[in-house]
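Trainee: First, the structure itself, so that you have it in front of you.
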Amino acid sequence: MDKKKLKVYIASNVGIDYFFFLAKTLKEADYEVEPVFLITEVNYRKWTKASGLKKIWLRLQMYVFYPGLLLFKACICDKKSIFVITSNTFFAPVLMSYILHLRKVKVIHLLYDLFPDALEIAGAFRRSSFLSKGIGNIMRRSQAKCDATVYLGDFLKFHAEKRWGRSKSSETIDISTDLALYTESFVHNPPSSKLIIHYGGQLGHLHDAISIVESIKYIYTSDIADLVEFNFYVSGAQAQFVKNALKGYPIKVISAVPSYEWRKDIRNFHIGLVSLSPGGASVCLPSKTYGMMAGGMAILAICPEWSDLAVLVKSINAGYVVNNSIYSSSLELNDGDYLDNVAKKRSITEIVECFYTTVKTILNQKDLLLEKRTNAYKGVRAKHDVIQLSEKWDKLIRDVSGK
């Protein structure tokens, strides 16, 4: 296949770090790449915190103007093109597949977040509602119509195909992070006075904010209260909830900062705190996890043992998992109503006790913490760098294009 004759368009409504890293990954595979997006990361973070006309303006760009931009690209693109379209906006992949297939141009759906599942978990509507069925029909058509679907994890693939049908072709490819943006050497800053635990990025309805809040409150009433420091750089639907719930505690909670600033700050932190609710673990994977590991932080994940997030942390022995599901294995989810089982959560008491025990173990095993931080730093570079990812993307594009 002559790659110089095959142009790859990558499309997402927001231009964010991991989106541009995808462009770099495909360029590494020697493709000509054109990123297509409408909203910058800075404006997206600013407008998501706004209300009124600014919020309406954001929605118009995401769901009207951005699809319009894609349609324009579909009309002017060369037939020797291929489109990689993310689930941001959720209906964009299937819309473009109908249009582009008229021109015999292939479409790959890059599934960041699964809809309507994400909205059901957020409580926007019930599983049996008219809206759920309507959006579910769009997802089912995306699976059937797009030439391939790329998933961020094996369980995410299993869940999506179990509920919405198998895709024509599929591949699991990590979202990862651009390692070239991080320091080249691992900064070992041992917790001389306090262990610094950092939460960075989105904190939405798919994350387990309640378990985080209750666990931190318990820590500050325990015998290790003076040995631990928490800070949050967060945005999203539950950011204000966390800020209000932890008011009065010695905790830093600020809005998420630009990625370049965040990468500087994390050199001072020891542990990266990430979370997914049991339901959330079936539809997404926190991209900040890769960035935290790239910056030399071990991971403390509040998530199901069966989730792709837990598998990622354990695969390179990069941290600790606090199981918030009543199940430990994905096989157990099939015993009864699968969708109900996916969302079942352990009691807060059990989660909090496990979190406390884990943090106390970390404090008592400083050498093991250093080992896990080193594993995180080296492991993400050994298994999730641009070369490995570009090889996977290259193989998929070759298969889809038939070359």
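Trainee: Starting from the coordinates of the alpha-carbon atoms of the stretch 179-383, obtain the Kirkwood hydrodynamic radius over all distinct pairs and give the value in Å to one decimal.
Mentor: 17.0
Trainee: Follow-up. Expressed in nm to one decimal, what extension gain is obtained for the pair residue 311 and residue 133 from 0.36 nm per residue of sequence separation less their Cα-Cα distance?
Mentor: Full extension of this stretch gives 61.0 nm more.
Trainee: Next up: Per 0.36 nm of contour for each residue apart, how much would the distance between residue 387 and residue 181 grow if the chain were fully extended, relative to their Cα-Cα spacing?
Mentor: 72.6 nm
Trainee: Through the Karplus equation 6.51 cos²θ - 1.76 cosθ + 1.60, θ set to phi - 60°, convert the phi angles of the stretch 371-386 into ³J(HN,Hα) values in whole Hz; use x for Gly and Pro.
Mentor: 4, 5, 5, 5, 4, 4, 4, 7, x, 5, 7, 7, 10, 10, 8, 5
Trainee: OK, next. Just to confirm my numbers, what's the Cα centroid distance between the stretch 243-295 and the stretch 101-140 in Å?
Mentor: First find each Cα centre; the distance between them is then 27 Å.
Trainee: Give me the accessible area per residue for the chain, probe 1.4 Å, as a whole number in Å².
Mentor: With all protein chains present, the chain gives 43 Å² per residue.
Trainee: Please compute the Cα-Cα pair-distance distribution of the stretch 42-129 with 5 Å bins starting at 0, giving whole percents from short to long.
Mentor: Here the calculated profile for the stretch 42-129 is 3, 13, 18, 18, 20, 14, 9, 5, 1.
Trainee: If the reach is capped at under 20 angstrom between alpha carbons, list the aspartates and glutamates near residue 7, excluding any in the same chain fewer than eight residues apart.
Mentor: Here the aspartates and glutamates satisfying the reach criterion relative to residue 7 are 28, 30, 32, 34, 78, 147, 391, 394, 399.
Trainee: Can you give the FRET efficiency for residue 361 and residue 57, using 1/(1 + (r/R0)^6), R0 = 45 Å, r = Cβ-Cβ distance, to the nearest 0.05?
Mentor: So the FRET efficiency works out to roughly 0.40.
Trainee: A follow-up question, please. Grab the Cα-Cα distance for residue 254 and residue 268, subtract it from 0.36 nm times how many residues apart they are, and report the gain in nm with one decimal.
Mentor: Additional length available on full extension: 3.4 nm.
Trainee: Then there's this: What number, rounded to the nearest 500 deg cm²/dmol, is the helix-based mean residue ellipticity at 222 nm of the chain, given -39500 (n - 2.57) per DSSP H run of at least four residues and division by all its residues?
Mentor: -13000 deg cm²/dmol
Trainee: Ignoring ligands, DNA and RNA, please state the percent of accessible area on the stretch 179-383 from carbon and sulfur, probe 1.4 Å.
Mentor: Summing carbon and sulfur atoms, their accessible area is 51 percent of the total for the stretch 179-383.
Trainee: While we're looking at this one, here's another question. Enter the Cα centre distance for the pair the stretch 382-403 and the stretch 43-89, rounded to the nearest angstrom.
Mentor: After rounding, the separation between the Cα centres reads 26 Å.
Trainee: Pop out the Kirkwood hydrodynamic radius of the chain from its pairwise C-alpha distances, inverse of mean 1/r, in Å to one decimal.
Mentor: Every distinct Cα pair counted, the radius reaches 21.9 Å.
Trainee: Another question, then. Viscosity 0.692 mPa s, temperature 37 °C: what is the translational diffusion coefficient of the stretch 94-242 from Stokes-Einstein with a Kirkwood Rh over Cα pairs, rounded to a whole number of µm²/s?
Mentor: 173
The values are calculated or read from the model by the stated rules, or taken from the named source; none is laboratory data. This is a predicted model, so every value here is computed, not measured. Heads up, the Cβs are rebuilt from the backbone with ideal geometry, glycines too, and the neighbour counts pull from every protein chain shown. The accessibility values were calculated without ligands, DNA or RNA, using every heavy atom of the protein model including side chains. Shrake-Rupley method; radii C 1.70, N 1.55, O 1.52, S 1.80 Å.
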